There are 2 protein chains.
Amino acid sequence: MNLIDGNQIATEVLDELSQRISLLKPGKPCVVFVRVGDDPASVSYVKKKERTAQSIGIDARLVVFPTSISESDLLQEIDRLNADDSVHGILVQAPLPSHVNEVSIFNRVNPAKDVDGFHATNLGKLCQEQPDAFRSCTPAGIVELIRRSGIETSGKRVVVLGRSLIVGKPVGMLLLNRSIPGNATVTFCHSRTHNLPSITKEADILIAAIGKPNFVTAQMVKQGCAVIDVGINRIADHSTKSGFRLVGDVDFDEVSPKTSFITPVPGGVGPMTVAMLMSNTVQAYEQIIQTQS
Amino acid sequence: MNLIDGNQIATEVLDELSQRISLLKPGKPCVVFVRVGDDPASVSYVKKKERTAQSIGIDARLVVFPTSISESDLLQEIDRLNADDSVHGILVQAPLPSHVNEVSIFNRVNPAKDVDGFHATNLGKLCQEQPDAFRSCTPAGIVELIRRSGIETSGKRVVVLGRSLIVGKPVGMLLLNRSIPGNATVTFCHSRTHNLPSITKEADILIAAIGKPNFVTAQMVKQGCAVIDVGINRIADHSTKSGFRLVGDVDFDEVSPKTSFITPVPGGVGPMTVAMLMSNTVQAYEQIIQTQS
């Protein structure tokens with residue numbers, strides 16, 4: 001079993017980006033984070049993204065709105081950022097208050113500044129295999145982990161657990177595309193799937209993104225399978241100071257001995273999501289500059 | 001074995017559309033077909049679409065350009081149609097000359113008038129399960145055949161042979177979505193897939209869209225499977241006047257006895273593609289009118 005070190009691979013990606021950014025001088029990519037409300041997890045995620053951006057030479061700004069903001073006001077604020085030439089990337093941190101339609105917000109961000117890759121146009125361009133598509137960050141991070149770990153995907157069976165817009169669908173599409181990594185035979189499973197273990201056992205690469213702690217057990221995977229665990233679930237643990245600990249969608253202790261490669265939680269996919277957001281921001285800057293020249 | 005009669009189902013769809021259009025009076029949807037060159041198959045497809053449109057009360061116009069037209073000139077012509085308020089739907093007939101990038105052309109059509117459903121934004125909205133998405137016509141037609149034939153998809157294994165942008169990817173996404181039909185466990189297979197028959201044999205619903213005559217044989221399907229044959233392949237046949245005949249991607253004679261449902265070629269998916277183009281045109285008109293009001 002090879003443990004895939006997401007922290008180390010993310011550091012490699014960030015080092016490469018830092019060099020790429022230094023070549024852009026005197027210009028500098030600028031990303032704006034839009035946060036609505038003070039949900040502690042959102043505050044912490046956005047802070048992490050801001051710090052990472054600044055550490056590699058990206059200008060990061062934060063805009064905060066109260067949870068009472070209406071959908072139409074939020075759309076207007078996005079329009080202002082869309083029109084601001086000093087802004088190259090816009091990220092609206094989910095989750096949003098329940099009175100705001102998230103997809104409407106994601107689809108309002110200028111596709112050229114959509115560093116989150118959630119806009120319909122970028123999702124469609126990803127399906128179209130267009131090089132200027134922004135790939136959403138977690139799927140792009142998974143593909144990068146696979147690539148840098150030397151895991152073969154061409155002709156392999158990939159099983160994706162979960163059909164979310166943010167992880168399941170785009171990561172499956174990326175691995176189906178005519179690319180490296182890619183060219184896999186991809187199966188999407190979800191809550192309605194019958195006989196799930198019989199399908200997951202056929203996977204050469206299993207991607208678990210369903211948000212159920214320790215859902216994937218040893219009898220669900222084949223010997224030698226590569227496992228990418230996207231889940232980040234809090235479970236109660238009175239032995240810790242916080243009273244909880246983070247576990248993935250995969251029962252790591254039970255499953256890992258059967259695998260060829262596996263990502264830990266935390267320290268697997270998580271750091272890659274942040275690194276790929278930075279990669280998308282640099283891509284946005286380079287593409288915008290190219291269009292202007 | 002139940003033969004799915006695509007001609008009859010298409011007639012039902014067109015009758016319903018004709019009634020819906022009569023309620024729009026005095027307004028009338030208008031679709032413009034853009035043809036480049038005189039490829040006989042394109043001429044015949046476009047003629048069929050024009051006639052069908054007119055038969056149900058849609059205003060159909062044809063614009064023809066020589067194969068020598070440059071990509072930039074073609075893009076300009078599309079911009080003119082995008083800006084023309086009397087036009088509600090635009091369809092650029094593929095294939096285009098090799099010096100023109102098809103995806104660039106498809107992505108230039110105003111997404112609100114993209115009745116072909118090939119624009120990145122509509123492809124992305126289809127993944128996002130947005131109700132205003134234009135679903136590309138062949139995938140939408142397949143879903144309609146499945147629905148009107150009463151074939152259950154929820155929790156079923158769907159295997160899609162082919163990963164094209166025009167059929168494979170969108171039809172798989174539609175059947176994966178949280179909709180009726182939908183909620184299927186979907187596997188995408190293609191030229192790089194290993195041990196293809198072992199995968200196709202697991203399908204409750206097999207969709208063949210690879211363009212290889214009689215590719216799917218009896219030993220590749222499970223007893224009771226429903227088979228949708230998207231292939232339209234010409235093979236030499238000296239017993240016919242034309243010297244050829246049309247066959248699908250499925251060896252019909254061999255496979256059909258094992259199936260619960262199967263579409264013939266011709267007379268299966270083909271007529272539905274045209275019917276769903278009409279459905280998209282009516283949808284475009286209704287959505288444009290709604291936006292204006």
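Suppose we filter region B:212-226 for residues that are closer than 14 Å to B:Pro197 by Cβ and in contact with a Phe, Trp or Tyr (Cβ under 7 Å, 6 or more places away or on another chain); how many remain? Qualifying residue count, region B:212-226: 0. Candidates are the residues of region B:21-38 that are of a type in the set (D, E, K, R) and more than 20 Å from the chain's Cα centre (by Cα); the one that is modelled with the lowest pLDDT is B:Lys25. Can you tell me which residues in region B:100-112 are farther than 19 Å from A:Arg108 by Cα and not in a loop (DSSP other than H, G, I, E, B)? Listed by number, the residues that qualify are B:Glu102, B:Val103, B:Ser104, B:Ile105, B:Phe106. If the condition is being part of a loop (DSSP other than H, G, I, E, B) and either more than 16 Å from the chain's Cα centre (by Cα) or within 11 Å of chain B (Cβ to nearest Cβ) (or both), then region A:115-135 contributes A:Gly117, A:Phe118, A:His119, A:Gln128, A:Glu129, A:Gln130, A:Pro131, A:Asp132, A:Ala133. Is it the case, given these coordinates, that B:Ser72 is part of a loop (DSSP other than H, G, I, E, B), farther than 25 Å from B:Ser279 by Cα and away from chain A (no Cβ under 14 Å)? No, not satisfied. The number of residues in region B:137-168 being closer than 22 Å to B:Ala112 by Cβ and within 11 Å of another protein chain (Cβ to nearest Cβ) comes to 2. Look through region A:48-69, keep the residues that are exposed (fewer than 15 other Cβ atoms within 10 Å of the Cβ) and either of a type in the set (Ser, Thr, Tyr) or touching a Gly at 6+ places or on another chain (Cβ under 6 Å) (or both), and return whichever of them is farthest from A:Thr273 (Cα to Cα). Looking at the filtered set, the residue picked out is A:Ser68. Among the residues making up region B:158-168, those that are touching a Leu at 6+ places or on another chain (Cβ under 9 Å) and either surrounded by fewer than 24 Cβ atoms within 10 Å (Cβ to Cβ) or without any contact (Cβ under 8 Å) to a residue 60 or more places away in the chain (or both) are B:Val158, B:Val159, B:Val160, B:Arg163, B:Leu165, B:Gly168.
Of all the residues in region B:169-183, those that are at the interface with chain A (Cβ under 8 Å from one of its Cβ atoms), among the hydrophobic types (A, V, I, L, M, F, W, C) and without any contact (Cβ under 8 Å) to a residue 40 or more places away in the chain number 1.
Is it the case that A:Val186 is surrounded by 24 or more Cβ atoms within 10 Å (Cβ to Cβ) and facing chain B (nearest Cβ under 10 Å)?
Working: surrounded by 24 or more Cβ atoms within 10 Å (Cβ to Cβ): yes; facing chain B (nearest Cβ under 10 Å): yes.
So A:Val186 fits the description; yes.
Does A:Arg61 fit the bill of being within 26 Å of A:Gly268 (Cβ to Cβ), among the basic types (Lys, Arg) and not in a helix (DSSP H, G or I)? So A:Arg61 does not fit the description; no. For region A:246-285, a residue qualifies if it is of a type in the set (D, E, K, R) and surrounded by fewer than 17 Cβ atoms within 10 Å (Cβ to Cβ), and the qualifying residues are A:Asp253, A:Glu254. Of the residues making up region A:244-293, those that are part of a helix (DSSP H, G or I) and small (Gly, Ala, Ser) number 5. Put simply, of A:Thr121, A:Thr153 the only residue that is under 21 Å from A:Asn2 (Cα atoms), surrounded by 24 or more Cβ atoms within 10 Å (Cβ to Cβ) and hydroxyl-bearing (Ser, Thr, Tyr) is A:Thr153.
The values are calculated or read from the model by the stated rules, or taken from the named source; none is laboratory data. For clarity, every value in this text was computed on a predicted model and none was experimentally measured. Positions of Cβ are generated from backbone atoms using ideal geometry, with glycine treated the same way; all protein chains shown enter the neighbour counts.
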